[in-house]
Amino acid sequence: MRFAGFPGIDFYFKDEAAHPTGSLKHRLARSLFLYALCNGRLREGQTVVDASSGSTAISEAWFARLLGLPFVAVMPASTAPAKIEAVRTLGGHCELTHGDQCPQARALAIAADGACFLDQFGLAERATDWRGNNNIAESIIGQLAREPHPQPAWIVCGAGTGGTSATIGRFLRYRGLETRLCVAEPSGRAFAHGWRSRDPRATASRDTLIEGIGRARVEPGFLFDVVDALVEVGDADSIAAMRLLERLLGRRYGGSSGTNLVACLQLATAMRERGEAGSIVTLLCDRGERYAGTLFDDGWLAAHGIDPAASEARLSARLRAA
Ligand SMILES: *Cc1c(COP(=O)(O)O)cnc(C)c1O
């Protein structure tokens, strides 16, 4: 896609919401099952368990059903009812934790009774074969082969488990590409602090309404050294950009896709100022329908102190010619 405000720069959006389970976690779930199987940790008929507050559990339930395995998702009782319902529809069992009961600890207890723990946060970075096997990076670079700028200047993604950024960053180096990797992070969250100070113990200094990214602590799958830049994005800007995406693409995507778009525009502005042409690739991480009652609901946003109108006007103006 091209915008009048950024002549010579092509923007590409990789639609990860198009997976059967509606988010980029479809890739992670497939990788976690393969990793457990190939390490001999998962046997026929064995129950599979993971701690997840949503998207990952939905994708894991899908693969468990495909393999005919019982699946238990341990999630906080506060998880959106639609997500709990989606796991149940796919045949999964939801075990809800209350108060300060830790979902991770509950999942480990179930694993101690004989279930296979998929461990998304512990294994995201190593479960995916970063050299290939149709991973997210190979898929993007393969699809760009016939485009005017087959080596993008930037690939922009968020970091939740850190699996996606680890895979892309490693693949770029493996293939010897000039492309750089930028992580788009909600302002003041743990990975932003951790990446700058190279401190794996960093924690978030602010809250965020964006789901899937912007973790409270640096997860074990976050690899600092493969990330070339990090852009912090305020929630109002992410939400405005999420709404802008609907106008541009005719479909709704979630908040983290908006965070990505804001980071893309910041990188594109710097390219324009240096007179560079080229391409920027980012991800559409999940479907917007999941947020109909939250990020897409003006009343809900107002109740959370967010008015994205000013951000929306500013972003739209940047897309138009100066
Ligand atoms: C998990 C997730 C991300 C981040 O991906 P990771 O590979 O876990 O770092 C981004 N957006 C959404 C909606 C997610 O669910």
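The values are calculated or read from the model by the stated rules, or taken from the named source; none is laboratory data. Remember, predicted model here, so these are calculated numbers, not experimental data. Heads up, the Cβs are rebuilt from the backbone with ideal geometry, glycines too, and the neighbour counts pull from every protein chain shown. These accessible areas exclude ligands, DNA and RNA; they are computed on the full protein's heavy atoms, side chains included. Shrake-Rupley method; radii C 1.70, N 1.55, O 1.52, S 1.80 Å.
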query = What do you get for Rg/Rh of the chain when both radii come from the Cα atoms and Rh is the Kirkwood radius?
reply = 0.96
request  = Could you list which residues have their amide H under 5 Å from that of K14, counting only those 5 or more apart in sequence or on another chain, with H placed in the peptide plane?
outcome  = T282, L283, L284
inquiry  = Taking just the alpha-carbon atoms of segment 220-266, what radius of gyration and Dmax come out, in angstrom?
reply    = 12.3, 36
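Would you mind estimating how fast segment 24-125 diffuses translationally, via Stokes-Einstein at 10 °C and 1.306 mPa s with the Kirkwood radius over Cα pairs, in µm²/s?
Details: Rh = 13.2 Å.
Diffusion coefficient, whole number: 120 µm²/s.
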query = To the nearest 0.05, what FRET efficiency results for N134 and A309 with a Förster distance of 45 Å applied to their C-beta separation?
reply = 0.65
Probe 1.4 Å, accessible area per residue of segment 24-125, Å² = 45 Å²
inquiry  = At 1.4 Å probe size, what's the solvent-accessible area of H98? Round to the nearest 10 Å².
reply    = 120 Å²
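Counting only GluC sites (Glu not before Pro) that sit in a DSSP loop (anything but H, G, I, E, B) with at most 15 other Cβ atoms within 10 Å, what is the longest stretch of the chain containing none of them?
Formally, the longest exposed-site-free interval is 45-177.
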note = What helix-only [θ] at 222 nm does the chain give? Using -39500 (n - 2.57) per DSSP H run of at least 4, over all residues, to the nearest 500, the answer is -12500 deg cm²/dmol
ask   = Amide H of V233: which non-local residues (sequence gap of 5 or more, or other chain) have their own amide H closer than 5 Å, using H built in the peptide plane?
value = E185, S187
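Taking every pair of alpha-carbon atoms in segment 9-58, give the share separated by more than 14 Å as a whole percent.
Details: 756 of 1225 pairs.
Within segment 9-58, distances greater than 14 Å cover 62 percent of Cα pairs.
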